[in-house]
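The values are calculated or read from the model by the stated rules, or taken from the named source; none is laboratory data. Since we're looking at a predicted model, the values are computed, not measured. Counting neighbours? That spans all protein chains shown, and the Cβs are built from the backbone with ideal geometry, glycine included. Side chains are part of the model used for accessible areas, which takes the heavy atoms of the whole protein and leaves out ligands, DNA and RNA. Shrake-Rupley method; radii C 1.70, N 1.55, O 1.52, S 1.80 Å.
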Amino acid sequence: MTKCIYCHEQEATSKEHPIPACLGMDKIRNYELLKDKLCNNCNGKIGTLEEQFCRCGSEAFFRRLKGIKGRKSNQKVNPYYRGSSGGNRILAETKHPSKGYTILCESYEGSNDFFPARQIIVQDKNDKYHPILITETIQSFEDLQSILESKGLINCKPIEFYATPEERDWVDRIWKGFKTGVNSERLPDFPTQKEREMAITFILTDKYFRAIAKIAFHYFLQQFNQFSGIENEFKDIKNFIMNGGKVETWVKQVKGSFIPQLQSPLITISKYAHFIVVEKTNISIVVKMHFFVGPKGTAPTYFEVTIGKNPERIYYPQSVGHQIVYFDQKDVDGYIGIMQPMHK
């Protein structure tokens, strides 16, 4: 049995998802796991990186839009209310339909339609409005008061709140703690995201980019099995994945597309897809990746990951790539998409 390529101590008995399972990869036709490379302990550490990739970045937004599920054993998380593994939640904002101040929003699962998130709007002494998200950790007025104090919102005035019918008793109980005589008001319904401007913000940490580096490195190992992963040239990329470092050294975000067919702004894609390509020269190995290119995707931006020098030093260019395309609906065997080689 071979040793883990990261710790070099434990047996490499763990099966690892080179492309994270949260993208629905267990239900993607032709997808294969990476075997005989990692121990259970190191695979678990890598899993904490993928938590941020799946729940804190733009991938979390598109997962929810498409209704893509990860492992059944994983806790279900609404990314508009909290992030994961030290990461930040998605921040979705729009303007109040009649009063003009900012309110927080969330989207329906499996939809691009937004509605007001569970929140209480307060007004400070300077007459500025502040939406306060009511997360699962806020169960009483005292909990809310601690949040307000941390934001410097002491003696603020409650204005209105939003909650679904199922959540109304919970939020109303918190609201009554203000004891100001102000009646609770529910935010009015307003047009969906298709008819309103939305601002979506993702606040990323280095764990997110370490997950990107991990995807690139493990996909490369899967496609080029002449490499074991313990070559000295890969020592630094593995150290970055496990321990962090300067992100820009390993992962770059590049505007545009590395795929010729996507370089024209006139070309659109009818289905959501991921694209990943390894480019190996006699000098270096670089992996390029697009995630969730598709009908409602923004202008293409891709990740470029420098894995390291090529141990072979053989002078010939070589590239391998795949596209992962999501179906509009499950096929007869229950697959939600397919992984296919990309041809030049």
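Applying a threshold of 9 Å to beta carbon distances and a minimum spacing of six or more residues, or different chains, the list of pairs starting in segment 250-271 at a residue that is under 22 Å from LEU65 (Cβ atoms) and small (Gly, Ala, Ser) and ending at one that is open to solvent by 100 Å² or more (accessible area, probe 1.4 Å) and at pLDDT 80 or above reads SER270/ASP328. Selection within segment 82-117: residues that are among the acidic types (Asp, Glu) and outside any strand (DSSP E or B). The member of this set that is nearest to the chain's Cα centre (by Cα) is GLU109. Do we find that LEU133 is closer than 16 Å to ASN78 by Cα, of a type in the set (A, V, I, L, M, F, W, C) and at pLDDT 90 or above in this structure? Taking the combined requirement at face value, the residue satisfies it. For GLU233, the requirement of being surrounded by fewer than 17 Cβ atoms within 10 Å (Cβ to Cβ), among the charged types (D, E, K, R) and touching a residue at least 60 places away in the same chain (Cβ under 8 Å) is met.
For segment 84-117, name all the residues that are open to solvent by 40 Å² or more (accessible area, probe 1.4 Å) and closer than 22 Å to GLU166 by Cα. Of everything in segment 84-117, those that are open to solvent by 40 Å² or more (accessible area, probe 1.4 Å) and closer than 22 Å to GLU166 by Cα turn out to be TYR108, GLU109, GLY110. Against the conditions (1) surrounded by fewer than 20 Cβ atoms within 10 Å (Cβ to Cβ); (2) of a type in the set (A, V, I, L, M, F, W, C); (3) free of Cβ contacts under 8 Å to residues at least 40 places away in the same chain; (4) touching a strand residue (DSSP E or B) at 6+ places or on another chain (Cβ under 8 Å), CYS4 satisfies every one except (1). Candidates in segment 118-148 are the residues that are over 25 Å from ILE90 (Cβ atoms) and assigned to a helix (DSSP H, G or I); of these, the one that is most open to solvent (accessible area, probe 1.4 Å) is GLU142. The residues of segment 15-33 that are open to solvent by 10 Å² or more (accessible area, probe 1.4 Å), outside any loop (DSSP other than H, G, I, E, B) and in contact with a Leu (Cβ under 8 Å, 6 or more places away or on another chain) amount to a single one, LYS15. Annotation note: of GLN10, GLN52, the sole residue that is touching a Phe, Trp or Tyr at 6+ places or on another chain (Cβ under 6 Å) and of a type in the set (S, T, N, Q) is GLN52. Among the candidates GLY297, GLY229, the residue that is assigned to a loop (DSSP other than H, G, I, E, B) and either at pLDDT 95 or above or in contact with a His (Cβ under 6 Å, 6 or more places away or on another chain) (or both) is uniquely GLY229. Being open to solvent by 30 Å² or more (accessible area, probe 1.4 Å), more than 23 Å from PHE61 (Cα to Cα) and basic (Lys, Arg), is that true of even one residue in segment 319-332? Within segment 319-332, none of the residues are open to solvent by 30 Å² or more (accessible area, probe 1.4 Å), more than 23 Å from PHE61 (Cα to Cα) and basic (Lys, Arg). When each of ILE307, ILE269, ILE336 is tested for being modelled with pLDDT of 85 or more, in contact with a Gly (Cβ under 8 Å, 6 or more places away or on another chain), on the phi < 0 side of the Ramachandran plot and among the aliphatic types (A, V, I, L, M), the lone residue that passes is ILE336. Take VAL287 and tell me if it is assigned to a strand (DSSP E or B) and open to solvent by less than 20 Å² (accessible area, probe 1.4 Å). Against the criterion (assigned to a strand (DSSP E or B) and open to solvent by less than 20 Å² (accessible area, probe 1.4 Å)), VAL287 qualifies. Residues of segment 71-81 that are at pLDDT below 90 and surrounded by 15 or more Cβ atoms within 10 Å (Cβ to Cβ): ASN74, VAL77.
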